[in-house]
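Note sheet for the following structure.
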């Protein structure tokens, strides 16, 4: 069975980036915000919106390295390679925390509602702290470094628009600070990440034929 063509890799990566960007907006837009020390917070944790929004965040992060992978196929240099590696490892360290947020807090919310007790909500701090939080912070920092490396690769490539990677880089650098703000700013941040993802996806898609041309030239030389 033959391997997929480089053009197909680029198509898949571009689509992955677009979907990822859209989901980064839907996540904070759908996520319920409330006083998490009250039964209102328990109702938010146990809601369908809580589950759905956080699952969308998990999918958004999962698709991000696939987008970076397309640039490795397109440019094939050390910067895009390490951008992909850092993004992949960073996402791997980030997702366990989101798993706790998604399913752990959902279970806590359900039990707090069943018992009509806010005491159980203190368990949310346990889910959100400890080594899991350390992994989460390290993971997001690695994703931010990956975005920086990709931006440098795009800037120096003479193939893509120099500024195309900047919005995504800003979005990933601000990913940790945005958690300290309310929903409107978090949605705005999600839009910044989405713009970044969609912009570089368009750039990658528009240069897909260049990738095939490079491959053809390489095959011609080898003949």
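Rounded to the nearest 500, the 222 nm mean residue ellipticity of the chain from helices alone is -25500 deg cm²/dmol, with -39,500 (n - 2.57) taken per DSSP H run of at least 4 residues. Largest GNM mean-square fluctuation among 14, 53, 206, using the chain with Cα springs under 10 Å: 206. Distance between the modelled labels on residue 206 and residue 8, one decimal in nanometres: 2.7 nm (7 Å Cα→Cβ projection). Relative to the longest principal axis of the Cα atoms of the chain, the long axis of helix 183-206 makes an angle of roughly 20 degrees. With both labels modelled 7 Å from their Cα along Cα-to-Cβ, the residue 77 to residue 22 distance reads 3.2 nm.
Can you give the Rg to Rh ratio of the range 13-73, both from alpha-carbon atoms, with Rh computed by the Kirkwood formula? Let's see the in-between values first.
Working: Rg = 14.7 Å, Rh = 12.5 Å.
Here Rg/Rh amounts to 1.17.
Each label was represented as a point 7 Å from its Cα along the Cα-to-Cβ direction; for residue 117 and residue 129 these points are 2.0 nm apart.
The range 6-222: Rg/Rh from Cα coordinates, Kirkwood Rh? Before the final figure, lay out the partial values.
Details: Rg = 19.5 Å, Rh = 18.2 Å.
We get a ratio of 1.07 for the range 6-222.
Based on C-alpha pairs under 8 angstrom that are at least 6 apart in sequence, the chain has a relative contact order of 29 percent.
Values in this text are rule-based calculations from the coordinates and carry no lab data. All of these numbers come straight from a predicted model, not from anything done at the bench. In this analysis, Cβ positions are derived from the backbone assuming ideal geometry, glycine residues included, and neighbour counts consider all displayed protein chains.
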